[in-house]
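Undergrad: Encoded as structure tokens, here's the structure I'll be asking about.
The numbers here are math on the coordinates, done by the rules we state, and not lab data. The shown structure was predicted, so the numbers you read here are calculated from the model rather than taken from an experiment. In this analysis, Cβ positions are derived from the backbone assuming ideal geometry, glycine residues included, and neighbour counts consider all displayed protein chains.
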Amino acid sequence: MQLQLERPIVFFDLETTGVNVGKDHIIQICLHKVNPDGVSRTVTHYIRPVDAEGRTVHIPEATTQIHGITDADVADKPTFRQLAVEIAEFIGDADLAGYNSNKFDVPLLVEEFLRVDYPFDLRCRRLVDVQNIFHKMEQRTLKAAYRFYCHKELVDAHSADADTLATYEVLMAQLDRYQDAEYVAPDGTVSKPIVNDVEALSRFSTSLAWADLVGHIGYDRQHCEVFNFGKHKGETLEQVFAAEPSYYDWMMKADFPLSTKACITEVWQRIRDKKKLDALLRRFNG
């Protein structure tokens, strides 16, 4: 089966220094680009992780035990800043797909672009998370998914190359297996969501509507931004920032991802603009 595409889609996987989007870094990225005509191309980059001052970041030994990449392996590799243009141009206007990508890989990739002030926009892209499809339909791991759907063993698991290509193969097998399968949603709604259409797959594999990329900020029923964590969980940002401005300052100084900080800054600016407008109206009416 060939994936039906209106535009290219890039399957990708990251190996990193850790799992904290706000402070960890990419050390390996593999991108597998599939074009509407079925022609595909794969590129892999090893990346030397550096902090804001350009100092090399140590890869923790515990992390190395998972993916096998050491400080020595990336010591002479380019930094993300040096590769940002090449990576962005390879992706182009493509949609993005991966395994657990909506929760981790996409936010961290965007975070790295933000760190080097490169404009990488997600607003016009559709995101397909193969793990979410898998968990909703079968609820298992990439290695098990590869065995279950493709009837093969995943060799070199936790290598970006192997994981990326396995993810692509799993999605192809999912399209075959679930072509007419029914899915019963928590509210009892029955549908047949697994179809050869990236937009439909994106809707089905995206679990939650988040205002930022990692789920710290969500939306309520009125589509107002709300906190998904901490003492203000469930409260709107506008209410909290208006009553407790110091909470905004704390978040901006804390170790939150740049995408989260961009989201709360937008709300903060909206509050300030509203106050300015109210002041002008009072002056005009007074």
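Undergrad: Mind checking the dipole of the stretch 217-285: about its Cα centre, +1 per Lys or Arg Cβ, -1 per Asp or Glu Cβ, Debye to the nearest 20?
TA: Working: 12 positive and 10 negative charges, 59 e Å.
Approximately 280 debye in magnitude.
Undergrad: Here is a further query. Under the 0.36 nm per residue contour assumption, what length would be gained going from the current alpha-carbon distance of HIS151 and GLU238 to full extension? Could you put the intermediate results ahead of the total?
TA: On the way: separation 87, 0.36 × 87 = 31.32 nm, distance 5.09 nm.
So the extension gain works out to 26.2 nm.
Undergrad: Considering the options ALA144, THR70, VAL155, tell which one lies farthest towards the positive end of the dipole of the stretch 39-192, charges being +1 on Lys and Arg and -1 on Asp and Glu at the Cβ, about the Cα centre.
TA: Towards the positive end, the residue furthest out is ALA144.
Undergrad: I need the helices of the chain that pass two filters: whole DSSP H segments spanning 24 Å or more by Cα along the axis, and mean Kyte-Doolittle score no lower than -0.5.
TA: On the way: long enough: 160-177 (25 Å, 0.00); 258-285 (40 Å, -0.60).
Span-like helices here: 160-177.
Undergrad: Right, another one. Can you put LYS231, LYS136, LYS261 in order of Cβ neighbours within 10 angstrom, beginning with the fewest?
TA: Working: LYS231 9, LYS136 15, LYS261 20.
Listing LYS231, LYS136, LYS261 from fewest to most nearby Cβ atoms yields LYS231, LYS136, LYS261.
Undergrad: Pick out, from MET252, PHE227, ALA242, the residue whose Cα sits farthest towards the positive end of the charge dipole of the stretch 217-285, with +1 on the Cβ of Lys and Arg and -1 on the Cβ of Asp and Glu.
TA: Selected residue: ALA242.
Undergrad: What whole-number value in cubic angstrom gives the convex hull volume per residue for the C-alpha atoms of the stretch 217-285?
TA: Convex hull of Cα atoms, per residue: 94 Å³.
Undergrad: So, one more: Report the charge-dipole magnitude of the chain in Debye, nearest 20, computed about the Cα centre from +1 at each Lys and Arg Cβ and -1 at each Asp and Glu Cβ. Provide the component values of the computation, followed by the final result.
TA: On the way: 33 positive and 44 negative charges, 200 e Å.
That gives a dipole near 960 debye.
Undergrad: Per DSSP H run of n ≥ 4, the term is -39500 (n - 2.57); total these for the chain, divide by its residue number, and report the mean residue ellipticity at 222 nm rounded to 500 deg cm²/dmol. Before the final figure, lay out the partial values.
TA: Details: 11 runs with 120 residues, N = 286.
After summing the helix terms and dividing by residue count, I get -12500 deg cm²/dmol.
Undergrad: Report the residues of the stretch 102-119 in range of a label on ARG55: point 7 Å along Cα→C-beta, backbone N strictly under 15 Å from it.
TA: Counting only backbone N, you get no residues.
Undergrad: In percent, how large is the relative contact order of the stretch 9-205, given Cα pairs closer than 8 Å and 6 or more residues apart?
TA: On the way: 306 pairs, mean separation 40.9, N = 197.
Here the relative contact order equals 21 percent.
Undergrad: In a Gaussian network model over the chain where Cα atoms closer than 10 Å are linked, find which of SER40, SER259, SER159 has the largest mean-square fluctuation.
TA: Top of the fluctuation ranking is SER40.
Undergrad: Now for a different question. Restricting the calculation to Cα positions, tell me the Rg (one decimal) and the Dmax (whole number) of the stretch 179-261 in Å.
TA: Gyration radius and largest Cα-Cα distance of the stretch 179-261: 17.1, 52 Å.
Undergrad: Sort CYS124, CYS30, CYS150 by Cβ crowding within 10 Å, fewest neighbours at the top.
TA: Numbers: CYS124 8, CYS30 21, CYS150 14.
Listing CYS124, CYS30, CYS150 from fewest to most nearby Cβ atoms yields CYS124, CYS150, CYS30.
Undergrad: Note the full-extension length gain between LYS192 and GLU266 as 0.36 nm times their separation in residues minus their Cα-Cα distance, in nm to one decimal. Don't skip to the answer; put the middle values down first.
TA: On the way: separation 74, 0.36 × 74 = 26.64 nm, distance 3.73 nm.
The span from LYS192 to GLU266 would gain 22.9 nm if fully extended.
Undergrad: Could you line up TRP210, TRP250 from fewest to most neighbouring Cβ atoms inside 10 Å?
TA: Details: TRP210 21, TRP250 11.
Sorted ascending by nearby Cβ count, the order is TRP250, TRP210.
Undergrad: Here's another thing I want to ask about it. What relative contact order, as a whole-number percentage, does the stretch 217-285 give when Cα pairs under 8 Å and 6 or more residues apart are counted?
TA: On the way: 43 pairs, mean separation 13.4, N = 69.
19 percent.
Undergrad: Here's another thing I want to ask about it. What relative contact order, as a whole-number percentage, does the stretch 1-83 give when Cα pairs under 8 Å and 6 or more residues apart are counted? Mind dumping the intermediate values first?
TA: On the way: 125 pairs, mean separation 20.8, N = 83.
Over the stretch 1-83, the number comes to 25 percent.
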